[in-house]
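Chemist: Before I ask anything, here is the structure I am working with.
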Amino acid sequence: MYHLPGSKTPSAPATPQAPEQPSQAPGAASEVERLHTAAEVMASTQVNQVLAELDAGLIGLAPVKQRVRDIAALLVIDRLRKNRGLAAQAPSLHMCFTGNPGTGKTTVAQRMAQILHRLGYVRKGHLVAVTRDDLVGQYIGHTAPKTKEVLKKAMGGVLFIDEAYYLYRPENERDYGQEAIEILLQVMENQRDDLVVILAGYKDRMDTFFSSNPGMSSRIAHHLDFPDYSVDELLRIAELMLLELNYRFADADAEGQESARDAFTRYLERRKQQPHFANARSVRNALDRARLRQASRLFAHADKAHTAEDLSTLSAADILASRVFAQPHAPSAAL
């Protein structure tokens, strides 16, 4: 059986003084074992707090949040069964997150790692996020050491592999991605009590990847599909981002200039229909460019003492100067 140094095995005795031992999660194992209601487990482990932070920190994504709650419920009930002495096999926890870029997959993976740690299903609760380049080498003998090093870092936590389908390139006979897949499969099966793997990417490409790699598909227990954000949701995300940076959208003025908020709404309606739209990631990029235009606008009046309001307000002009408005706009019924 393939085994990584530094990870636990069923037969190995505990080593309390191991240098990498993490701080204990809320609700120590011995304490959780004495609890007999779901409410007691949730309160003791502070899983409710993680779920509340997920709700508050992410706009929309109602189906995803419900699946996270369902998985948390499964783990809590599994814990209660163990406390009652009922025979229980640890649930399979490897997952697949599908959706377009910028839909919150990495953020949800971080929250999932916290939930798994607090309920005692992983030792550390950290997240290691990687892509193909972190796992696959460029020459013979290079892939195995790279993959094993990443797995060693992830042990006791969650390994998040973004765009996992790029591991498999059947059109290239000299590609070494298959070697990384085989190592991952062994660890996902033999050490599933010490590592949770989350594969992520576009849904259609992940479906193709699973059809070509049935061994990987059979090890994934939970599939979460992340929907695109609506324009209203993207606007709320933008306002939260601005609030964190001490910026705001300018109101409409007496001269008939529309509010920056309305201008940004029109920007989103256009940008969503263009290629390479990446949801919240595109919103952040658009706000960064608007801040750049605002800075240039204020800098043009170098001798003026700008007020705090001047320095923290994005005008409609800062939005409308985007090249998105220079392109024809085709109204869409979907918007």
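The values are calculated or read from the model by the stated rules, or taken from the named source; none is laboratory data. Nothing here was measured: the structure is a model prediction, and the numbers come from that model. So basically every Cβ, Gly included, is an ideal-geometry build from the backbone, and we count neighbours across all protein chains shown. When the accessible area is computed, the model is the full protein with side chains, heavy atoms only, and any ligands, DNA or RNA have been set aside. Shrake-Rupley method; radii C 1.70, N 1.55, O 1.52, S 1.80 Å.
Chemist: Add +1 for every Lys or Arg and -1 for every Asp or Glu among the other residues with Cβ under 13 Å from the Cβ of Ser322, and state the total.
Modeler: Net of charged neighbours comes to +4.
Chemist: Any chance you could run the full-extension gain for Phe325 through Asp228? It's 0.36 nm times the residue separation minus the Cα-Cα distance, nm to one decimal.
Modeler: Here the answer is 32.7 nm.
Chemist: Hey, what's the range 189-238 come to in accessible area per residue, 1.4 Å probe, Å²?
Modeler: 42 Å²
Chemist: Modelled label-to-label distance, Tyr202 and Gln49, 7 Å Cα→beta-carbon offset: nm?
Modeler: Distance between the two pseudo-spin positions: 4.0 nm.
Chemist: For percent of Cα pairs over 32 Å apart, one of (i) 44; (ii) 34; (iii) 29 was computed from the structure I shared and the rest are decoys. Which label?
Modeler: The calculated read-out lines up with (i).
Chemist: Okay, next question. Hey, what's the range 254-335 come to in accessible area per residue, 1.4 Å probe, Å²?
Modeler: 62 Å²
Chemist: Here's another thing I want to ask about it. Rounded to whole Hz and in sequence order, give me ³J(HN,Hα) for the range 66-71 from the Karplus expression 6.51 cos²θ - 1.76 cosθ + 1.60, θ = phi - 60°, writing x for Gly and Pro.
Modeler: The phi angles translate into 5, 5, 5, 4, 4, 5 Hz.
Chemist: Quick check: from the Cα gyration tensor, does the range 177-276 come out rounded (a/c under 1.5), prolate or oblate?
Modeler: Here the range 177-276 falls in the prolate category.
Chemist: Output the pairs from Lys105/Lys203; Lys82/Lys153; Lys105/Lys146; Lys124/Lys153; Lys65/Lys146 with a Cα-Cα distance over 22 Å in this structure; if there are none, say none.
Modeler: Lys82/Lys153; Lys105/Lys146; Lys65/Lys146
Chemist: Using a probe of 1.4 angstrom, how much of the accessible area of the chain is carbon and sulfur, in percent?
Modeler: 51 percent
Chemist: How much length is gained on full extension from Ala73 to Gln274, taking 0.36 nm per residue of separation minus their Cα-Cα distance?
Modeler: 68.4 nm
Chemist: If you don't mind, another one. Past the 21 angstrom mark, what percentage of all C-alpha to C-alpha distances in the range 161-233 do you count?
Modeler: It works out to 31 percent of all Cα pairs.
Chemist: Using Cα atoms only, what is the angle between the long axis of helix 105-118 and the major principal axis of the chain, expressed in degrees (0 to 90) to the nearest 10?
Modeler: Approximately 40 degrees, to the nearest 10.
Chemist: Separate question: On a full-extension model of 0.36 nm per residue, what is the gain between Thr106 and Gln186, subtracting their alpha-carbon distance, rounded to one decimal in nm?
Modeler: This chain segment gains 26.4 nm when fully extended.
Chemist: For His223, list long-range residues whose amide hydrogen, built 1.01 Å from N in the peptide plane, is under 5 Å from its own amide hydrogen.
Modeler: Correct list: Cys96.
Chemist: Students often get this wrong: which residues of the range 236-269 have the backbone nitrogen under 13 Å from the point 7 angstrom along Cα-to-C-beta of His306?
Modeler: Of the residues in the range 236-269, 247-248 have backbone N under 13 Å from the label point off His306.
Chemist: If the elastic network links every pair of Cα atoms under 10 Å, which of Ala317, Ala300, Ala62 fluctuates the most in the Gaussian network model of the chain?
Modeler: Ala300
Chemist: How large is the helix-only mean residue ellipticity at 222 nm for the chain, computed as the sum of -39500 (n - 2.57) over DSSP H runs with n ≥ 4, divided by its residue count, in deg cm²/dmol to the nearest 500?
Modeler: -14500 deg cm²/dmol
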